[in-house]
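Please treat every number below as a calculation from the coordinates, not as lab data. Since we're looking at a predicted model, the values are computed, not measured. In this analysis, Cβ positions are derived from the backbone assuming ideal geometry, glycine residues included, and neighbour counts consider all displayed protein chains.
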Amino acid sequence: MQIALAEALLKRKELGFKLGQLQQIKNSEIIETKFERRSISDSVDDITAKVPKISMTQLTHAFDWHAKHLRKIDAVIQKANWNTIVEVDDETMQTYVDPYVEDKKR
């Protein structure tokens, strides 16, 4: 499939954003199963369980899928970057020199 470079750049941004969201979920306690046990009487306990709606396996798969495609789109963009020549003026490529700071090398 051929796409415009601008579309590839947007896809890279989208994949990077999604990876950031998934990373936050992986680093949080959202996917942990938590149990709380409280004694109500000598013979009865109340147990509360918080079970995640998504498993670590699902989260890891989604993270890996997005990371793989981010690497692939980034490689295509980098290839275009190294193979494309653009025209700029000489002044744009010069290093900035602060005119208010004395050049001590002279």
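Some notes on this structure:
- Geometric descriptor of segment 42-92, per residue, is 140 Å³ (volume of the convex hull of the Cα atoms).
- Convex hull volume of the C-alpha atoms in the chain, normalised per residue: 242 Å³.
- Per-residue HN-Hα couplings for segment 92-102 [Karplus 6.51, -1.76, 1.60; θ = phi - 60°; Hz; x = Gly/Pro]: 4, 8, 6, 7, 5, 10, 6, x, 9, 10, 5
- Under a Gaussian network description of the chain, with springs only between Cα atoms under 10 Å, the residue in A75, A62, A49 that fluctuates furthest is A49.
- Put a plus charge on the Cβ of each Lys and Arg, a minus charge on the Cβ of each Asp and Glu, and nothing anywhere else: the dipole of the chain about its Cα centre is then about 460 debye.
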